[in-house]
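Working notes, structure below.
The numbers here are math on the coordinates, done by the rules we state, and not lab data. Here the structure is a predicted model, which is why all the values come from computation and not from measurement.
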Amino acid sequence: MLDTASLASLVHSIPPGIHIDLRFNADQASGSSGCNSYHTTFQAIGGSISFGQIISTAMACKKQVMAAEAAYLRALEGSTSYQTSGSTLHLLGGPVDLAFTATSPSASPTQ
C-alpha cells in the first residue's frame, strides 16, 4: 500500500479513504490507483526498474481522487530504480519517489 507521505507528495490534499497499491506477479504489476484498477508489465534488474504502458479501467470518481490517481500513475511510470528496506519498497527516479509498505509476500519486485 502506498504510504501517506508518498500520497501527500502527489496531491495538496489527500482524499479521504483513498487506497493505492501495487502488486507484482512474474513480469506483471497491478493494483488500485485510487479510483481505477491498473496493470502493466515491468522489468527489475539490479536496482533498476522500468514499467511498460499502464492500462487502467475508466471509471470516474471525485475530482480530488482522479487528480491523485493521475499523479500516482505518472510517478509510477517514471520510476527508474527501486530499493527495499524491510517491508518497504521505494520506487525512485520518477516525478515523485513512492514508498509502499508490504501487506503480502508478493509486494516486492524481486519475488
C-alpha long axis of helix 63-78 to longest principal axis of the chain, angle in °
20 degrees
Pick from A58, A70, A29: which residue has the top mean-square fluctuation in a GNM of the chain where Cα pairs under 10 Å get a spring?
A58
If contacts are Cα pairs under 8 angstrom and at least 6 residues apart, what is the relative contact order of the stretch 4-101 in percent?
23 percent
